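To start, the structure under review is shown below, and the notes come after it.
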Amino acid sequence: MTINEHMTEFAGRDVVQWEPGEPVPNPATVMPRIGLTWEEEDDAAWTDKFGRYLETPGAGTTTGLVVGQWAGNLGEADAIERVVQAVVAARDTLPALNALFLGDVTYEESEISWIEQTDVSPLLRAYPQLEHFGVRGGNNLRLGPIRHDRLRTLIVEAGGLPRAVVHEVLAATLPQLEHLDLWLGTEEYGADTTLEDLAPLLAGGLFPRLRYLGLRDSDLTDEIAIALVGAPILERVEVLDLSLGTLSDAGAAALLANPAIARLRRLDLHHHYCSPEMVRKLQALPIEVDVSDPQEADHWNGVDHRFVAVGE
């Protein structure tokens, strides 16, 4: 799988591409995606396009913003820093902004492993009213010390998420956080998170309002499934999302043997490496289970090789 389409929904609202000359979308139901088109990417600046949006009548009512492609080469660190600075500078113009996604980029625009990010903590400080925040790309991504009293959703998507970012997330003070979605990625593209790093999260002492836990796109999926046996975090989580990873029959067996799994509302395992027999057992659970998109392991040198859905 690759990221081959732009977002169509975020934070319960539709996402539409905005172009200069168009009106500001209805803030109750729609948020604009501001990104450079392929015709613009070599000779236009994202900040100029964003500035045009801010000058549009009604821009001050904007409740959500999705940042799309911001440069022809997303591997340039300076480009994303200018984007962050521009959005921070617009805080007085966007007083109603409560949802922000940074990096709605498809593989045709840039592979996820090529996206250069930066320190995004100024965004969280600039918008204390923010309730939903997401970012795509792990290279040089930094969240900094996070203390945010209203953030309900935190999404970090990467083909290889550095453990330092995981540590920043787990050290955050987020009393309202309900939805945590981390794409851990694969070691091949820089993922170095271990089960030990995730232990404070699984122990249940963090984020008292958490209802959705996503540990996705990981080559540690089996190990995570096994570590969840007896994990206090499942006492309050309603949705467990281990999709896009390398789940095999070993991890699935651990889930089936875990009494807490049957108390969930939903279990998402799509893109997995489970056998048809194991899939039938998972589907027999008394909850909603997504076991779509089965994969076949590659075999060479007598070893099975399984791959996450989004790496490069």
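For every other residue with a beta carbon closer than 11 angstrom to the beta carbon of LEU151, add +1 if it is Lys or Arg and -1 if Asp or Glu, then tell me the sum.
+1
For GLY134, the amide hydrogen comes within under 5 Å of the amide hydrogens of LEU100, PHE101, LEU102, ILE155, counting only partners 5 or more places away or on other chains and with H modelled in the peptide plane. The portion of the accessible surface of region 89-141 made up by carbon and sulfur, rounded to a whole percent, is 42 (1.4 Å probe; DNA, RNA and ligands excluded). According to the Cα-based calculation, Rg over Rh for region 169-254 is 0.94, with Rh computed by the Kirkwood formula.
The Cα center of region 197-225 and the Cα center of region 1-50 differ in position by 31 Å. Based on C-alpha pairs under 8 angstrom that are at least 6 apart in sequence, the chain has a relative contact order of 11 percent. When the P(r) is computed for region 209-312, the part past 17 Å accounts for 48% of the Cα-Cα pairs. Rolling a 1.4 Å probe over the protein heavy atoms gives the chain an accessible area of 43 Å² per residue. Electrostatic tally near ASP78: other residues with Cβ closer than 14 Å to its Cβ, Lys and Arg +1, Asp and Glu -1, net -3.
Here the contact order of region 115-194, divided by its residue count and restricted to Cα pairs under 8 Å and six or more residues apart, works out to 30 percent.
Please report, as a whole percent, how much of the solvent-accessible surface of region 187-263 comes from carbon and sulfur atoms (probe radius 1.4 Å). Please list the in-between numbers first.
Working: 1590 of 2970 Å².
Result for region 187-263: 54 percent of the exposed heavy-atom area is carbon or sulfur.
Split the chain at each of the trypsin sites (Lys or Arg not before Pro) in a DSSP loop with at most 15 other beta carbon atoms within 10 Å, and the longest piece is 1-149.
What number in nm² do you get for the chain if you take the convex hull of its Cα atoms and divide its surface by four?
15.9
The values are calculated or read from the model by the stated rules, or taken from the named source; none is laboratory data. Treat the numbers as computed from the prediction; the structure is a model and nothing was measured. Methodologically, a virtual Cβ is constructed for each residue, glycine included, from the backbone with ideal geometry; neighbour enumeration extends over all protein chains shown. Ligands, DNA and RNA are excluded from the accessible area calculation, which covers all protein heavy atoms including side chains. Shrake-Rupley method; radii C 1.70, N 1.55, O 1.52, S 1.80 Å.
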